[in-house]
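Mind having a look at this structure? Questions to follow.
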Amino acid sequence: MLGDVILVACCSTVSSSLNEGGVMAMEQSFQITDVSDVTTGDYISFVVRDRDGNVPARITGTALGVLAGSEHFAKRLDIFQTHAEKIREAAYKSRRANPTLAMVLLGATDFGG
């Protein structure tokens, strides 16, 4: 009987961290800040604030083009702001898959391009 109680506690903890599709839910502490297009390259830089601290990140101009699709934006920052949640999700997946990397780099393939 004690084993059943532990199993129930285990499963309820795990299921509470999964979303409706059964995928691990993104922590609220995972945030994107300090967005900047003041760069010498074709990217926008930002900072990922995660439970382990801050990590620099970049998204390429090509990835922004994939996100924009047929929509017309005057500035790349407008694309970033419009698709900030998708960018946050992609950064989260990248960070969880590669937690030891010094930088999160997002490209077109992170958004189906």
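Residues in segment 66-93 that are part of a loop (DSSP other than H, G, I, E, B) and among the aromatic types (Phe, Trp, Tyr): how many?
1
When you go through Arg88, Arg76 one by one, which is the residue that is more than 11 Å from the chain's Cα centre (by Cα) and among the charged types (D, E, K, R)?
Arg76
If you take the residues of segment 53-65 that are out of contact with any Gly (no Cβ under 6 Å at 6 or more places or on another chain), touching a residue at least 24 places away in the same chain (Cβ under 8 Å) and outside any strand (DSSP E or B), which of them is nearest to Thr100 (Cα to Cα)?
Restricting to residues being out of contact with any Gly (no Cβ under 6 Å at 6 or more places or on another chain), touching a residue at least 24 places away in the same chain (Cβ under 8 Å) and outside any strand (DSSP E or B), the top hit is Thr62.
Under the condition of being over 17 Å from Lys86 (Cα atoms) and of a type in the set (S, T, N, Q), which residue from segment 15-38 is modelled with the highest pLDDT?
Ser36
Between a first residue in segment 39-50 that is without any contact (Cβ under 8 Å) to a residue 40 or more places away in the chain and more than 14 Å from Phe80 (Cα to Cα) and a second residue that is part of a loop (DSSP other than H, G, I, E, B) and of a type in the set (S, T, N, Q), which pairs have beta carbons less than 9 Å apart while being 6 or more apart in sequence or on different chains?
Arg49/Ser29
Would you point out the residue of segment 97-113, among those that are of a type outside the set (Gly, Ala, Ser) and under 13 Å from the mean Cα position of the chain (by Cα), that is farthest from Gly65 (Cα to Cα)?
Pro99
Going through segment 62-108 one residue at a time, which ones are exposed (fewer than 14 other Cβ atoms within 10 Å of the Cβ) and within 16 Å of Asp42 (Cα to Cα)?
Of everything in segment 62-108, those that are exposed (fewer than 14 other Cβ atoms within 10 Å of the Cβ) and within 16 Å of Asp42 (Cα to Cα) turn out to be Ala74, Lys75.
The values are calculated or read from the model by the stated rules, or taken from the named source; none is laboratory data. No experiment lies behind these values; they were computed from the predicted model shown. All Cβ positions, glycine included, derive from the backbone under ideal geometry; neighbour counts span all protein chains shown.
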